[in-house]
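Contents: one structure, followed by commentary.
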Amino acid sequence: MKTQVVSDIEVLNNSFLTSNPKLILEHSINNLFKNKIVYVCSFGTESAIILDLISKIDKSLPIIMLNTHFLFEETIKYKNELLKLLRLENYREVFPDEKTLNKYDANDNLWRRDVDQCCNLRKVIPLEKALNNFESWISGRKSYHLGNRQKLKAFELINNKIVVNPLFNSTKAFIEDYFYSNNLPRHPLFEQGYLSIGCRHCTQKTKNIEDPRHGRWSDKNKTECGIHLDRRKS
Ligand code: SF4
């Protein structure tokens, strides 16, 4: 199925240009990548929407969180709250390889010296291994988050996997309305001014509502952790 999807990706994107997130998810989970798709979830400020949609489509869909060992305690609590509330059945936590950490980041301070390498060890490599048995993964990126996300499409080919972006064309208003209409809890740090949440070392509060990811690596020339980077092109 994937080979066909890869060759038809442009056609697929054109046919889902104005589709709602549920339709994109349903088609991906039930048809295109049946039993070969996973949601890679940060349990950040807007993750509850895709989790809620998945709970209405297939509660046994695998869900992965990349646990870098540097997540906020509030994120872990929020993750537990959402999994229980939505009765999601197939959660898996992925950690960095201990031997690799001992070799390159024994003092847990690589993030101070080299954020790209730190993300590589704690996110990119662990995800690559975790995706081994999947053809496709779901991502929560949205084009209104600016940067290179502005050009997002519903389906992308990244590192030989199809990445499904059900919220690619969702607006901030849609996100707010979805939380309200479905009575979903917000991340506890959201109310405190964190508009996008990753590791505690690299996440700041921000008042820049036009650029919600402004608080990520805010003192560095970095905007993405690298899991969405196509390494065949770099
Ligand atoms: S976000 Fe920061 S702490 Fe987390 S893996 Fe990347 S560089 Fe390391």
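Which of the following residues is touching a residue at least 40 places away in the same chain (Cβ under 8 Å), over 17 Å from Cys41 (Cβ atoms) and among the basic types (Lys, Arg): Lys153, Lys77? Of Lys153, Lys77, the one residue that is touching a residue at least 40 places away in the same chain (Cβ under 8 Å), over 17 Å from Cys41 (Cβ atoms) and among the basic types (Lys, Arg) is Lys153. Taken over segment 104-145, the residue count meeting the criterion of being open to solvent by 60 Å² or more (accessible area, probe 1.4 Å) and more than 16 Å from the ligand (Cβ to nearest atom) is 2. Restricting attention to segment 182-203, the residues that are within 16 Å of the ligand (Cβ to nearest atom) and either assigned to a loop (DSSP other than H, G, I, E, B) or without any contact (Cβ under 8 Å) to a residue 12 or more places away in the chain (or both) add up to 6. Identification of helices (runs of 4 or more DSSP H) wholly contained in segment 8-76 with 3 or more residues that are of a type outside the set (Phe, Trp, Tyr) and in contact with a Leu (Cβ under 8 Å, 6 or more places away or on another chain) yields 21-27, 47-57.
The set of residues from segment 84-107 being under 28 Å from Glu46 (Cβ atoms) and in contact (Cβ under 8 Å) with a residue 24 or more places away in the chain comprises Leu85, Leu86, Arg87, Leu88, Glu89, Asn90, Tyr91, Arg92, Glu93, Val94, Phe95, Pro96. Is it true that some residue in segment 174-181 is away from the ligand (no atom under 16 Å from the Cβ), free of Cβ contacts under 8 Å to residues at least 12 places away in the same chain and among the polar types (S, T, N, Q)? Yes, segment 174-181 contains a residue that is away from the ligand (no atom under 16 Å from the Cβ), free of Cβ contacts under 8 Å to residues at least 12 places away in the same chain and among the polar types (S, T, N, Q). Answer yes or no as to whether Leu167 is in contact with an Asp or Glu (Cβ under 8 Å, 6 or more places away or on another chain), in a loop (DSSP other than H, G, I, E, B) and within 16 Å of the ligand (Cβ to nearest atom). So Leu167 does not fit the description; no. Based on this model, can you work out whether Leu25 counts as over 30 Å from Gln4 (Cα atoms) and in contact (Cβ under 8 Å) with a residue 12 or more places away in the chain? No: the conditions fail for Leu25. Residues of segment 59-80 that are more than 16 Å from the ligand (Cβ to nearest atom) and closer than 16 Å to Val38 by Cα: Lys59, Ser60, Leu61, Pro62, Ile63. For beta carbons closer than 8 Å, sequence separation of 6+ or different chains, a first residue in segment 206-222 that is within 15 Å of the ligand (Cβ to nearest atom) and a second that is in a helix (DSSP H, G or I) and among the aliphatic types (A, V, I, L, M), the qualifying pairs are Trp217/Val115; Lys220/Val115; Lys222/Val115. Restricting Gln192, Gln150 to those that are surrounded by fewer than 16 Cβ atoms within 10 Å (Cβ to Cβ) and within 27 Å of Glu81 (Cα to Cα) reduces the list to Gln192.
The values are calculated or read from the model by the stated rules, or taken from the named source; none is laboratory data. In this text, all values refer to a predicted model and were calculated from it rather than measured experimentally. Reconstructed Cβ throughout: ideal geometry from the backbone, glycine too, with neighbour counts over all protein chains shown. Just so you know, the surface numbers come from the protein's heavy atoms only, side chains and all, with ligands and any DNA or RNA stripped out. Shrake-Rupley method; radii C 1.70, N 1.55, O 1.52, S 1.80 Å.
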